[in-house]
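Encoded as structure tokens, the structure appears first; notes follow it.
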Amino acid sequence: MSLPLMMLNKSENSNYIDMVYNFDWSSTPLGPMDTWDPVIKNATNLCLKTEFPTCIYIDPSNWIILYNKAFAPLILPGYPALGTSVKYEEVWRETYEAYMSLAFNRVITTGKGLYFNDQPIILKRDGYDEETFFNYAYSPIFKSDGTIYAIWSLSKETTQNVLNTRRLKLLGEFGHITSNIESLESAFHIITKTLRNNKDIPYTLIYSAKHKLNTSYESLIANLISTTFDSDDKEKRNIPDYLPETHETINLAKDANKSYDTYIELKRSDATHSFLKCDSWPIYLVFKEGRNVKVILDDESLAVLFPIKISLDKDHVLLIVLIYGLNRLLTLDYQYMDFFNLVTNQIYELLQHGKSVEDEKKQTKILADMNYQKIMFFQGISHKIKTSETSKIQGLDKGADDYLIKPFSTRELICRIRANIECTILRRKILFHRYKQEDIKQLLLSIINMILSESDLDKTLLYITKEIYRRLPCEKVFIISNESFKNNKIVIPYENDSEDLTPLINPFMEINDNNTSNTQLCTRSQKYFNENSGVDISLDEYCDEVHKNVSILSVETRLDNNVWGWIKVHRSRNSIWFDSEIDLLQQISNHISLAITYAKLLEEIGEKEIQIKVVEFANNAKTQILANTSHELRTPLGAIEGLMPSLEGTTLTNVQKDMLKITSNSADIVLSIVKDVPNVAKLEAKKIILVNKTFDLLNSLESTIIMFGKKAATKNIELVANCEIDMLPRYVKSDPERLNQVLTHLLSNSVKYTNEGEIVLTISMQPREVIKENNGENSSYNQVVKKEILLTQLNDTGIGINPEHLKHFWENITQGDISITKKQDGARLGLSICKNLVEINGGEIKVESQLGKGSKFSFTWNVEVLPLESISTETQFNKQISYVLPYTIRKKRILIIHSAGNLRNSILNYLKSVEKVDTFDTFENGIKAVKSYKELYDQFIYDIVFIGLYENNKKETINFILELKELLCDSNNLAIIFIVFPSNERIALARELMEKFLGTFVVYTPITLNKLINQLIYMELN
């Protein structure tokens, strides 16, 4: 149900406006209305006077609601409304947290409005839960001082548009399954299979019974033919318990004595219906009354039963009951019932088609059997004839159908001729019936094709009128509509009509016309159809259009449970009408109903497409503006950033140095944001395409890691790079620039929001294998391309993310709460770029976080590992194709002393191939290990010692080195490498100890593989 625009009379709206202005606002946190900001007062005045559903949420700390008269129906019953806080009022809290909180925070953070399209919302209407869909927008309202103090909300219900689109899709599916139907039975199963999992019709059951005309219904047995609960193999039928007793067969004699008098009236704002309360399906009642019956089940769910009749032969019809379940969250309004009528009409057409296919097969078989029997008859006679030269039968071998043996009498000749004529007439009648069915099928398919090709409705109706005229012997054909549009009457042929409307030539018409048995068919059909609503036959009636008495056949076209119009066909007075002609007009009438419904839906969809194009145009304009703005800003910002370092070497006071540092950081942040803008614009315009080239994996990432290691050092934060080098291939194919771009944004985010602790970057690989076929002309085998997933994880000890925002983090990128975000230089575009780039590559990005404890970002990136044969010979011989330490280093014995466990593990991963590596967190444990080995083997165990050097362990480090040298006979063979955080104080400390002790070296964090290997090689050379 769609909520209409409320047209309020002046007095009614004036009373509501007075009520709002007289409301005791002093009892709310907003205070008296006289004290409100002028902008809020103007917004209130505009809200109350507009006719669209509008409300204002005022004061971000409370979000007090104020709304106009048109918005009132959207407030759920029992919800405190005007002047209450949607943020803190108990009944509003769930709605606020589920729908409003994130949207409001995003509007306040960005200062921009939000638009939501066809959002599903469950509302309480007339005491029932109802699924509705809304378009709604949130826009910020700025106070005079420039801050956002309120949010303007404009709503429009789109429920009926969403339902129309969904229902039209189902009707379109019916049009595509016609070719799959091979019989009446197959039609039942194909129909229920199409209706499975439909939101508007949760379930469908189909009962049928064969009925002999002019007999009672009590003797019938109804069989359950097909349901939406059937399995594909038709062997299982899992009918749920909440439905009434659903038997495979129902003896209607037992139901004939049941009393169907318990009706419950359900009143809704759009419609009122009476529902039959029953404990079993009222099949007998539907057959008897020949109308739809609405029922209410034990669990308060609803269903509606529709009858259908399919003619089997002149004495029998197939009675069918379609049981449709109703969606509990939808109102059974007139549109819903019209939808059921359209579905029923489509099912009727499909079943008629299945019956026609079945009849055609039977007639073909009958004709084949007759021919076979005739051939066998003559073959039997020929075997009995004496085969002398004078008695040979001439002609049978040349295509003759029959023969007589001389001498024969005149009676024999006449009987034989009469038998052959009757056989020929029967054959022609079968061919005529088959031709007629095929012609009708092609006509109906052509009408459906015109509907689906979005043809103009007038053109479709004109085409239908002409085709009726060409197929039925008549003087005039009219399609008349009750609706007022530019052409509500179509007549064929019209005056001065020069178009060729020659009737279709039926090659078997002369045989059919000479068959006088059709007169009885006409009499029965006239009587039968006069008893049915929607069909009217007048054999002698005066017609104003032609100014004479004519015979008129009129068939109604129904739409939305009303008569939309009629198809009227004129013949000369007292002309009779055949069953087949009336059936044809009824089928065409159903297709006209479908065409009109489809045209109306297309009109609604066209309006929505225009709105979408307007939004796309605005987005393209915004993208171009962003790109141009970014280009204009980058040059001056780059100049400012370039001048900052040159000023640092000049003589400045401490205050000036602090100001210069703040300016430099601010310029760096702004330039980073400006650089992100073109990437966002390209991503929105879908203009970014990843390249695929060969590169050294860790080499490509090293400069990024080192750069952010220096930035982290300025905040006294340790950046640890932990690479699983035994898993990582050296050369891969992918897009190194975009991979670095993602890593840059994530590292920048971690460094930015981490004030103490450490950041740990872990790079590993998840293997998988993909086979690509080599389709070259000379290829005789498949090429196996090994693909792997690069897994990058980033753990920090930063401020973390509020759990309330974590669920929709990628939609609303704000780390921490609003106050923290303001401290950290505002929101960034980088994470949005990361998500888009990772998804373009085919990977996935995730975030885990705890507020105040830190965050963990991880993403996967698809890379192609190069097979050995694809690497050049020079590369294979001059470079390693995997990360392998030099042989001299692998033979070393190494001791690592460092208090940080993540850093120890990082170095240990690089040195996995080394012969002996020991790690300890304290000097005490390290010296114990050295002494124990010395006592056992009387020799020093280590060649290289890594020591973590800090300001507070200087004395311990010196004592540890002195003790090592005492235990070592030749101290010149021991190399000591200080692991130093790249701050000025620790760099100076390392230099001091390197001057004090010979054979000491230094490596600065973050430690990368190349940095470690280069340091070890340098140590060997010195």
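The values are calculated or read from the model by the stated rules, or taken from the named source; none is laboratory data. None of these values were measured; they are calculated from a predicted model. Neighbour counts are summed over all protein chains in view; Cβ atoms, including those assigned to glycine, are modelled from backbone coordinates with ideal geometry. With ligands, DNA and RNA removed, areas are computed over all heavy atoms of the protein, side chains included. Shrake-Rupley method; radii C 1.70, N 1.55, O 1.52, S 1.80 Å.
Quick check on region 127-153: of everything there that is touching a residue at least 60 places away in the same chain (Cβ under 8 Å) and surrounded by fewer than 13 Cβ atoms within 10 Å (Cβ to Cβ), which residue is nearest to Asn42 (Cα to Cα)? It comes out as Ser144. Taken over region 732-758, the criterion of being outside any helix (DSSP H, G or I), of a type outside the set (S, T, N, Q) and under 38 Å from the mean Cα position of the chain (by Cα) is satisfied by Val732, Lys733, Asp735. Within region 420-439, residues that are at negative phi reach partners that are open to solvent by 70 Å² or more (accessible area, probe 1.4 Å) with beta carbons closer than 8 Å, at six or more positions or on different chains, in the pairs Asn420/Asp401; Ile430/Ile366; Phe432/Met509.
Please specify each residue of region 723-740 satisfying the condition of being over 14 Å from Leu790 (Cβ atoms) and crowded, with 18+ Cβ neighbours inside 10 Å.
None - no residue of region 723-740 is over 14 Å from Leu790 (Cβ atoms) and crowded, with 18+ Cβ neighbours inside 10 Å, so the list stays empty.
Look at (1) open to solvent by 20 Å² or more (accessible area, probe 1.4 Å); (2) over 30 Å from Lys715 (Cβ atoms) and you find that Thr919 fails only one, number (2). For residues that are closer than 16 Å to Val343 by Cβ and polar (S, T, N, Q), scanning just region 160-192, find the one that is most open to solvent (accessible area, probe 1.4 Å). Step by step, filter region 160-192, then rank; the result is Thr165. Within region 17-64, the residues that satisfy the criterion of being at positive phi and within 41 Å of the chain's Cα centre (by Cα) are Asp59, Trp63.
With respect to Asn716, is the statement that it is under 30 Å from Val914 (Cα atoms), outside any helix (DSSP H, G or I) and open to solvent by 10 Å² or more (accessible area, probe 1.4 Å) true?
Numbers: under 30 Å from Val914 (Cα atoms): no; outside any helix (DSSP H, G or I): yes; open to solvent by 10 Å² or more (accessible area, probe 1.4 Å): yes.
It is false that Asn716 is under 30 Å from Val914 (Cα atoms), outside any helix (DSSP H, G or I) and open to solvent by 10 Å² or more (accessible area, probe 1.4 Å).
Looking only at region 459-478, which residues are touching a Cys at 6+ places or on another chain (Cβ under 9 Å) and either in a helix (DSSP H, G or I) or open to solvent by less than 10 Å² (accessible area, probe 1.4 Å) (or both)? Result: Ile468, single match.
Within the group Glu995, Glu924, which residue is closer than 18 Å to Arg904 by Cα and open to solvent by 40 Å² or more (accessible area, probe 1.4 Å)?
Glu924 is the lone residue from the list that is closer than 18 Å to Arg904 by Cα and open to solvent by 40 Å² or more (accessible area, probe 1.4 Å).
Just checking, which of Lys69, Lys112 is open to solvent by less than 60 Å² (accessible area, probe 1.4 Å), at pLDDT 85 or above and among the charged types (D, E, K, R)? Break it down into steps so the answer makes sense when it comes.
Values: Lys112 fails: open to solvent by less than 60 Å² (accessible area, probe 1.4 Å).
Criteria check complete, one pass: Lys69.
Scan region 968-979 and tell me whether some residue there is without any contact (Cβ under 8 Å) to a residue 24 or more places away in the chain and either assigned to a helix (DSSP H, G or I) or under 59 Å from the mean Cα position of the chain (by Cα) (or both). No, region 968-979 contains no residue that is without any contact (Cβ under 8 Å) to a residue 24 or more places away in the chain and either assigned to a helix (DSSP H, G or I) or under 59 Å from the mean Cα position of the chain (by Cα) (or both). Taking the numbered list (1) at pLDDT below 75; (2) more than 21 Å from His591 (Cα to Cα) in turn, Ser538 passes all entries but (1).
Does Ile447 fit the bill of being closer than 27 Å to Arg573 by Cβ, open to solvent by less than 30 Å² (accessible area, probe 1.4 Å) and either of a type in the set (S, T, N, Q) or not in a strand (DSSP E or B) (or both)? When the stated conditions are applied, Ile447 does not pass them. Scanning region 457-506 for residues that are modelled with pLDDT under 75 and closer than 20 Å to Leu443 by Cα yields Val491, Ile492, Pro493, Glu499, Asp500, Leu501, Thr502, Pro503, Leu504, Ile505, Asn506. Any residue at all in region 949-959 that's crowded, with 20+ Cβ neighbours inside 10 Å, in contact (Cβ under 8 Å) with a residue 12 or more places away in the chain and assigned to a helix (DSSP H, G or I)? Among the residues of region 949-959, at least one is crowded, with 20+ Cβ neighbours inside 10 Å, in contact (Cβ under 8 Å) with a residue 12 or more places away in the chain and assigned to a helix (DSSP H, G or I), which makes the answer yes. Hey, among the residues in region 254-285 that are assigned to a loop (DSSP other than H, G, I, E, B) and under 41 Å from the mean Cα position of the chain (by Cα), which one's farthest from Ser208 (Cα to Cα)? Residue satisfying both the conditions and the ranking: Ser269.
Within region 996-1015, the residues that satisfy the criterion of being part of a helix (DSSP H, G or I) and hydrophobic (A, V, I, L, M, F, W, C) are Leu1009, Leu1012, Ile1013. Filter region 773-817 for residues that are among the charged types (D, E, K, R) and modelled with pLDDT under 75; which is farthest from Leu739 (Cα to Cα)? Selected residue: Glu777.
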